[in-house]
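Worksheet: one structure, shown below.
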Amino acid sequence: MFHLLRHASHGHVGTVLTGRLSGAPLTPAGREEALALGRYLAGRKPDAIYTSPRLRAQQTAEIVGRETNTPYEVAPELDEIDFGDWSGKGFEELGEDRAWRRWNEERDTAATPAGDTMERASARMTGFMHRLHADFPGQGFALVSHSDVIKAALCRTLGTPFRSVHEFEIAPASVTTLSFDSDGARLVTRNLQPARLNVGAFA
């Protein structure tokens, strides 16, 4: 079982493309989101937590780890897409960039200024998941990553084109759960947001 967690909210969400920039810590509201995420996962007790090296992801993993009594490890395979010199720019400014528009319109083929693609991001994350599944059969994992990386992994796992990423949301501090058995992968939940649930739902 894999619980794919998007990091909780930070100050750039919805306004600035953070990418792989350093900084961007969780806001107080983001820390509360991460706490709700941890309490939700405490009832599902992951065997291990792995996180993107970005600060916002590690802070989320730390809070989730504390609530589940599970230490976390950094996994570069879960890192954000490398957006190159798009990183740090506001979405309004990016909207004037033809290459940015192509990235969003042609996700199956387009690349970022750094040469990263949805295909590469998906291969990094799903390759890591397959290794964990092979090495630790029957165990459950929480993987803290980023919206587009999780979307890319879902598309690759479920056999849908990358251009479909605009058809579903992966919100901050959300959990998307996949199970694997002899028949392949099954989507259990997508974009579940524990901070919006009542406490009884965590049991």
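Odds and ends about this structure:
- Looking across the stretch 28-52 at every residue that is in a helix (DSSP H, G or I) and basic (Lys, Arg), the one that is nearest to Glu80 (Cα to Cα) is identified as Arg31.
- Contacts under 6 angstrom Cβ, first residue in the stretch 24-49 being over 15 Å from Gln193 (Cβ atoms) and touching a residue at least 24 places away in the same chain (Cβ under 8 Å), partner open to solvent by less than 30 Å² (accessible area, probe 1.4 Å) and of a type in the set (A, V, I, L, M), 6 or more apart: Leu26/Ala8; Pro46/Ala142; Ile49/Ala61; Ile49/Ala142
- Those residues of the stretch 103-136 which are more than 20 Å from Pro71 (Cα to Cα), among the hydrophobic types (A, V, I, L, M, F, W, C) and in a loop (DSSP other than H, G, I, E, B), in sequence order: Ala110, Ala111, Ala114
Residue-wise test of (1) modelled with pLDDT of 95 or more; (2) closer than 20 Å to Pro113 by Cβ; (3) among the hydroxyl-bearing types (Ser, Thr, Tyr).
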site	(1), (2), (3)
Gly43	no, no, no
Pro53	yes, no, no
Ala61	yes, no, no
Gly65	yes, no, no
Asn69	yes, no, no
Glu73	yes, no, no
Leu78	yes, no, no
Ser87	yes, yes, yes
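- The number of residues in the stretch 137-149 that are at negative phi and either small (Gly, Ala, Ser) or part of a strand (DSSP E or B) (or both) comes to 7.
- Odd one out for Arg124, checked against (1) out of contact with any Cys (no Cβ under 9 Å at 6 or more places or on another chain); (2) free of Cβ contacts under 8 Å to residues at least 40 places away in the same chain; (3) not β-branched (Val, Ile, Thr): (2)
- Number of the condition not met by Phe91 [criteria: (1) closer than 19 Å to Arg54 by Cα; (2) in contact (Cβ under 8 Å) with a residue 24 or more places away in the chain]: (1)
- Of the residues Ala201, Ala152, Ala185, the single one that is in a strand (DSSP E or B) and either modelled with pLDDT under 90 or touching a Phe, Trp or Tyr at 6+ places or on another chain (Cβ under 8 Å) (or both) is Ala185.
- Of all residues in the stretch 19-41, those that are farther than 30 Å from Ser182 by Cβ, among the hydroxyl-bearing types (Ser, Thr, Tyr) and either surrounded by 23 or more Cβ atoms within 10 Å (Cβ to Cβ) or at pLDDT below 95 (or both) total 1.
- For the stretch 53-102, the set of residues classified as part of a loop (DSSP other than H, G, I, E, B) and farther than 22 Å from Gly23 by Cβ consists of Asn69, Thr70, Pro71, Gly95, Glu96, Asp97, listed by residue number.
- Test: residue in the stretch 96-109 that is among the hydrophobic types (A, V, I, L, M, F, W, C) and within 28 Å of Gly184 (Cβ to Cβ): no
- Taking the stretch 51-74 as the range and being in contact with a strand residue (DSSP E or B) (Cβ under 7 Å, 6 or more places away or on another chain) and open to solvent by less than 30 Å² (accessible area, probe 1.4 Å) as the test, the residues that pass are Thr51, Ser52, Arg56, Ala57, Thr60, Ala61, Val64, Gly65, Thr70.
The values are calculated or read from the model by the stated rules, or taken from the named source; none is laboratory data. Predicted model, so just to flag it, every value in this text is computed and none were measured. Note: ideal-geometry Cβ built from the backbone for every residue, glycine included; neighbour counts use all protein chains shown. Areas reflect the complete protein model, heavy atoms only, side chains present, ligands, DNA and RNA absent. Shrake-Rupley method; radii C 1.70, N 1.55, O 1.52, S 1.80 Å.
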